[in-house]
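The values are calculated or read from the model by the stated rules, or taken from the named source; none is laboratory data. This is a predicted model, so every value here is computed, not measured. Neighbour counts are summed over all protein chains in view; Cβ atoms, including those assigned to glycine, are modelled from backbone coordinates with ideal geometry.
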Amino acid sequence: MKQNIYDNPIFFNQYKALRQKQYNYNRLLEQPTMKSLLPPLANLQILDIGCGMGEFANYCIDHHAKHVTALDVSSNMLAIAKQEHSHPQIDYQLQAIEDYEVASNSFDCITSSLSLHYVKDFDAVIRQIAQKLRPNGIFIFSVEHPIATARHTLDDNWIYDENNNRLHYAVDHYQEEGLREQTWLVDGVVKYHRTIATMVNTLITHGLTIEKIVEPIPGKEAIQQLPSIEKELRRPSFLFIKAKK
């Protein structure tokens, strides 16, 4: 996650415009799923990894969390977070999870939305997260689905007919874990592909119990609001895992 593509001005301006649209994948699918997996937040100490522009941290405070420590590597993201979602009980820090130091057993709940696929050493990060969680603490994260990150070429992997209709989605190189480079808004966006088995087994290795795995699909209302999201019924973009210490 130390790669900081979000402070590339071209990337960031396009990303911000995407997130500001009334209907997008985050608002219609990713964030509703994340919120549905949360425990009751009252009086919880929360760590949000890759907090972005602060909307989720603010949501947690609105739902009576005691305190949110919100980390991000992007100064652009944090500038907006502090401007739009400042709160005495939210501590925004320009910090990568790999470098974040805090006492063991500090948090009741740790969350991460679409940031851990930027992490090179997944095992080391999960070890840190498990140490930072209190007993019975909850860890919830989303990543780009391994189906979507598997191929060496991460651009449009749909196969089309002569009329530009989607026939199927091409999956390849699934078992070949490691770095993937993608053109997304700009060239050279680096992500790391790992299998579902690797993610689940890493959590188990570090003492976490899997409570739920979700591959979210949009409802009818979401499809009406954003017709392009209907392709999620054929190939998921996101994978969520909820685990308990």
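If you go through region 213-245 and keep only what is part of a helix (DSSP H, G or I), surrounded by fewer than 18 Cβ atoms within 10 Å (Cβ to Cβ) and in contact with a Leu (Cβ under 8 Å, 6 or more places away or on another chain), you end up with just 225.
Per the conditions (1) touching a Lys or Arg at 6+ places or on another chain (Cβ under 7 Å); (2) under 17 Å from residue 143 (Cβ atoms), the sole criterion not satisfied by residue 209 is (2). Between 165, 157, 136, the distinction of being more than 30 Å from residue 13 (Cα to Cα) and either modelled with pLDDT under 95 or among the charged types (D, E, K, R) (or both) belongs to 165 only.
Look at residue 43 and say whether it is exposed (fewer than 13 other Cβ atoms within 10 Å of the Cβ), modelled with pLDDT of 95 or more and on the phi > 0 side of the Ramachandran plot.
Numbers: exposed (fewer than 13 other Cβ atoms within 10 Å of the Cβ): yes; modelled with pLDDT of 95 or more: yes; on the phi > 0 side of the Ramachandran plot: yes.
So residue 43 fits the description; yes.
Do we have residue 34 as assigned to a loop (DSSP other than H, G, I, E, B) and touching a residue at least 24 places away in the same chain (Cβ under 8 Å) here? Taking the combined requirement at face value, the residue does not satisfy it. Filtered by the rule that a residue be in contact with a helix residue (DSSP H, G or I) (Cβ under 7 Å, 6 or more places away or on another chain) and part of a strand (DSSP E or B), region 120-149 gives 139, 140, 141, 142, 143, 144. For region 73-119, a tally of residues being outside any helix (DSSP H, G or I) and within 17 Å of the chain's Cα centre (by Cα) returns 12. Identify all residues within region 4-31 that are more than 16 Å from the chain's Cα centre (by Cα) and either at pLDDT 90 or above or not in a helix (DSSP H, G or I) (or both); write none if there are none. Correct list: 8, 20, 21, 22, 23.
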